[in-house]
Amino acid sequence: MLEFAEAQHIDRETLFVEVILPLAIAKNYTYRVPFEMNKMVAVGKRVVVQFGKSKLYTAVIASISRLAPEKYEAKYIIDLLDEHPVITTEQLQFWQWLAEYYMCYVGEVMNAALPSALKLASETRIMLNKGFEYDRSVLHDKEFLIVEALDIQPELTVSDIAKLLGQKTVMPILKALFEKNIINISEEVSERYKPRTRTFITLNPIYHNQENLKELFNILEKRAPKQADAVLAYIKLSRHQKSISKNELIEESGAGAASIKSLVEKEVFIAEEKNVSRLYYEEEEALDTFELSEEQQTAVNHIKQEFEQKDVVLLHGVTSSGKTQVYIRLIEEMITAGRQTLYLLPEIALTTHIIERLRMYFGGNIGVYHSRFNDNERVEVWQKVLNNEYKVVLGARSSVFLPFSDLGLIIVDEEHEASYKQYDPAPRYNARDAAVFLANRFKAKVLMGSATPSFESYYNARIKKYGFAELTERYGGVKLPEIEVVSITEETKQKTIQSHFTSVLMGDIKQALANKEQVILFQNRRGYAPLLICKICAYTPKCINCDVSLTYHKSSGKLHCHYCGYKEDAPKICPACGSTHLEYKGFGTEKVEDELAMLLPDARIARMDLDTTRSRNSLQNILNDLEEKKIDILIGTQMVAKGLDFSGVTVIGIINADSLLKFPDYRANERSYQMLAQVSGRAGRRDKQGKVVIQTYDPKHRVIKQVIENDYNGLYFTEMEERRSFKYPPFYRIINLDIKHKDPAIVNNQADYIAAELRKHFGDRVIGPEFPLIGRIRNYYIKSIMLKFEKDLVSVNKAKAIIREVITQFQTTKLSKGSVIQPDVDPY
């Protein structure tokens, strides 16, 4: 009787939950738990709540208590979405750290962390999954109503569906439809992906009987020998693998697609279309193995020794030294120990390239996670990581948000890359630095790898904060590429330059093509021409929303803004003076491709930049074509510089090195060296020394000389002296504040006010306010304030607290109306 009374008391107890809403608000909000949910609520579960007058949101429970909020009356939770928590306590602590360190709100971190299907809100858009077939008779009445409505109108918001059903609580119904794969949920529906399908072939079971099979061969050998070859090839392949794709069968048998089609029509073969992953095959078992070189084995041993004393180790290995194989050995040890590994890569291009190599060693143990996945796939990966089904996760920077349960190792490959930094929206985090904190939560280790480490990481290794290991030789004894610097000025004088290609580069391209080898050309600007200018009055078309000139794209025939996406038709007559003398200045990847096609009409040329890799499979298709030698020359932006490994590439051409070297940024020389060394590293990566041609107007530039001599240390010591003198990282910490407003006069007043308040606390550590290089983006004028703090003398946490206080105080004044303030910690 007593036990029953106690249970009843718990049921009737009033509980309150503090929840994280996916909004930029300073405090978490508290809600009352209905009695019937008392036993079901738990930290990390998602709940449906009303916030504001009528909006519904999916929030995450951060804590549970018996204390009601003092300043407002708590509303009731509308619904509970999960049987088990989908967010771990480690993640919640990680979110809190990110919000504090990067000076943003925990709701903004939640927004970045969760796939949109896990954070439904009133304005979230719902669509039918067109590629999925299902039986409508199994739907409940309300599910059927939603599906019927989506047949009529392709997109509905959650609030539309609430009105349709005449009830607030629609999230559980939508969750059920999503789990049945009937709907897609997305906050960004501009890209709609179709699943990749592949045709798989099986032999009709009647031919499993030897007599029937023998009879079939007798018929086919007389009437259709190619079809007989296809059946023989199927039997050969089926001895070693469970599933055989149509493409594999065509390749193995030498029979054409028509022969396979005939066998399907004769019901000898059964063809079945299946959805397959574009990146990996879960059913595939680990197949491959390799031996480490002596230097690689020494590096592995040294890294493990360093891990005994240090939590973070930097691996400095020249391009093509076999860093990936070192990573694989360490991942194998983690899998043996039963712990998880996160393998971070800076670009989706690298992720798709390296997964094909890693799955040979780890098969279905690998999960892949990045922004090109649709929502269904991202949720699926999320659940599998949560359930500890993946031992290795390979992904771009957002992978740090996954719900790991037993992380043992984080590998940060190409750790120097700027792509690890998120610039917009908040949190403006750096995944490399966030990985160090995340690893600390799990008592895990971090291995950072690069041929050209960031100066911050190299500095930390030199002062013994990080461990350090080196690979100084290319794997297999391959020599570093020969580098030749060619003066554009000299060749222009001598009239030996063709379009944008010097005679040296053109000669090497032709020689490579004659040898059936491949070429990569690097130009760090996309589009056709960066500038359209009137020869008479010097008019240049500018973006209507941003203070930038528009770039001409020949493929669309329009002028594009690369900041806000604005487009307009290219004028044929100058709108300022009426002249027809308009000309294009400068050149991007599109123009390089166009002009090279005229000079080398027989070459198979492809382009890899943001414009050609927007669709889901385009990037993978380009990489596959390069690997299969269907491309002779690949022209690209910085995408081509990052860790790609293709045996056929022997010549690299850097069309114009000056666009890198003459950039107004204290990191220009570091970034230029990294980019030039990384691009150069793509050449001659297997059994042949490659050749790199650097075209420049300034052949004697110090950085070019250091790239040729592979003198990373020379660059490091020179640059570090300058950084110490001018108060830059790693000796100083930088926090930037961007103040934005649609009125330039108001933004000036606001920025001056904030800078003056900050100077009261920090004096001459406050620099600015100043207009940045681009003073207006998306119709917002921007003023920037930079704060520099000595690493050893100032507590950055105290400094951040003062900055927050100044911003909060400013936001209480009338002057702040219409302003947007964006703090950026460690902005570079």
Single residue of segment 361-378 satisfying the filter (open to solvent by 30 Å² or more (accessible area, probe 1.4 Å) and assigned to a loop (DSSP other than H, G, I, E, B)) that is farthest from residue 430 (Cα to Cα): 374
Matching residues in segment 27-53 - criterion: being under 19 Å from residue 107 (Cβ atoms), in a loop (DSSP other than H, G, I, E, B) and not aliphatic (A, V, I, L, M): 27, 28, 44, 45, 52, 53
Give me a count of the residues in segment 379-427 that are part of a loop (DSSP other than H, G, I, E, B) and among the aliphatic types (A, V, I, L, M). 3
Residue satisfying all of: in segment 236-268; within 30 Å of residue 374 (Cα to Cα) and open to solvent by 90 Å² or more (accessible area, probe 1.4 Å); modelled with the highest pLDDT among these: 247
Search segment 242-269 for residues that are in a loop (DSSP other than H, G, I, E, B) and pair each with any residue that is at pLDDT 85 or above and crowded, with 17+ Cβ neighbours inside 10 Å when their beta-carbon atoms are under 6 Å apart and the residues are at least 6 apart or on different chains. 243/200; 255/229; 255/230
The listed residue being touching a Cys at 6+ places or on another chain (Cβ under 8 Å) and free of Cβ contacts under 8 Å to residues at least 40 places away in the same chain, out of 563, 552, 539: 539
Between 299, 271, 233, 228, which is modelled with pLDDT of 80 or more, surrounded by fewer than 17 Cβ atoms within 10 Å (Cβ to Cβ) and not hydroxyl-bearing (Ser, Thr, Tyr)? 271
Between a first residue in segment 748-777 that is at positive phi and a second residue that is small (Gly, Ala, Ser) and surrounded by 15 or more Cβ atoms within 10 Å (Cβ to Cβ), which pairs have beta carbons less than 7 Å apart while being 6 or more apart in sequence or on different chains? 768/755; 768/784
What is the one condition in (1) small (Gly, Ala, Ser); (2) crowded, with 16+ Cβ neighbours inside 10 Å; (3) in contact (Cβ under 8 Å) with a residue 60 or more places away in the chain that residue 818 does not satisfy? (2)
Cβ-Cβ under 6 Å pairs, at least 6 apart or on other chains, segment 76-94 side closer than 22 Å to residue 433 by Cβ, far side among the basic types (Lys, Arg) and part of a helix (DSSP H, G or I): 90/441
If you go through segment 722-731 one residue at a time, do you hit one that is open to solvent by 20 Å² or more (accessible area, probe 1.4 Å), small (Gly, Ala, Ser) and under 28 Å from residue 795 (Cα atoms)? yes
Condition first: at pLDDT below 85, outside any loop (DSSP other than H, G, I, E, B) and within 24 Å of residue 114 (Cα to Cα). Now tell me which residues in segment 168-213 satisfy that. 171, 172, 175, 176, 178, 179, 184, 185, 186
Which count do you get for residues in segment 422-466 that are aliphatic (A, V, I, L, M) and over 30 Å from residue 111 (Cα atoms)? 3
For segment 112-131, enumerate the residues that are assigned to a helix (DSSP H, G or I) and crowded, with 22+ Cβ neighbours inside 10 Å. 113, 117, 118
Considering segment 77-108 alone, what residues qualify as being open to solvent by less than 50 Å² (accessible area, probe 1.4 Å), part of a helix (DSSP H, G or I) and either over 30 Å from residue 827 (Cα atoms) or out of contact with any strand residue (DSSP E or B) (no Cβ under 7 Å at 6 or more places or on another chain) (or both)? 91, 94, 95, 98, 99, 108
Restricting attention to segment 500-535, which residues are within 23 Å of residue 560 (Cα to Cα) and in a loop (DSSP other than H, G, I, E, B)? 500, 523, 524, 525, 526, 527, 528, 530, 535
Does segment 773-809 hold any residues that are crowded, with 18+ Cβ neighbours inside 10 Å and among the hydrophobic types (A, V, I, L, M, F, W, C), and which are they? 777, 782, 785, 787, 789, 799, 803, 806, 807
Given the conditions (1) of a type outside the set (D, E, K, R); (2) more than 37 Å from the chain's Cα centre (by Cα); (3) surrounded by 11 or more Cβ atoms within 10 Å (Cβ to Cβ), report the number of the one that residue 134 does not fulfil. (2)
Scan segment 510-546 residue by residue and report those that are on the phi > 0 side of the Ramachandran plot and open to solvent by 60 Å² or more (accessible area, probe 1.4 Å). 516, 538
Looking only at residues that are more than 35 Å from the chain's Cα centre (by Cα) and among the polar types (S, T, N, Q) in segment 490-501, which one is most open to solvent (accessible area, probe 1.4 Å)? 494
Search result, residues across segment 39-49 that are open to solvent by less than 30 Å² (accessible area, probe 1.4 Å) and either more than 18 Å from residue 383 (Cα to Cα) or touching a helix residue (DSSP H, G or I) at 6+ places or on another chain (Cβ under 8 Å) (or both): 41, 44, 46, 48, 49
Since residue 583 meets every condition but one in (1) surrounded by fewer than 15 Cβ atoms within 10 Å (Cβ to Cβ); (2) part of a loop (DSSP other than H, G, I, E, B); (3) modelled with pLDDT under 90, which condition does it not meet? (2)
Segment 428-440 residues that are under 18 Å from residue 307 (Cα atoms) and assigned to a helix (DSSP H, G or I), paired with ones that are open to solvent by 40 Å² or more (accessible area, probe 1.4 Å) and modelled with pLDDT of 95 or more (beta carbon under 7 Å, 6 or more apart): 437/97; 439/311; 439/445; 440/311
Selection status of residue 563, open to solvent by less than 70 Å² (accessible area, probe 1.4 Å) and within 26 Å of the chain's Cα centre (by Cα): no
Considering only segment 134-149, I want to know if a residue exists there that is of a type in the set (Gly, Ala, Ser) and under 20 Å from residue 23 (Cβ atoms). no
In segment 688-732, how many residues are in a strand (DSSP E or B) and over 27 Å from residue 461 (Cβ atoms)? 6
Note down all Cβ pairs under 6 Å where the first residue falls in segment 687-716 and is open to solvent by 20 Å² or more (accessible area, probe 1.4 Å), the second is modelled with pLDDT of 90 or more and among the charged types (D, E, K, R), and they're at least six residues apart or on different chains. 691/508
Report, by residue number, each residue of segment 379-397 that is out of contact with any His (no Cβ under 7 Å at 6 or more places or on another chain) and open to solvent by 10 Å² or more (accessible area, probe 1.4 Å). 379, 380, 383, 384, 386, 387, 388, 389, 391, 397
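The values are calculated or read from the model by the stated rules, or taken from the named source; none is laboratory data. Owing to the predicted nature of the structure, the values given are computational and were not obtained by experimental measurement. Note: ideal-geometry Cβ built from the backbone for every residue, glycine included; neighbour counts use all protein chains shown. Keep in mind that these areas ignore ligands, DNA and RNA; they rest on the heavy atoms of the full protein, side chains included. Shrake-Rupley method; radii C 1.70, N 1.55, O 1.52, S 1.80 Å.
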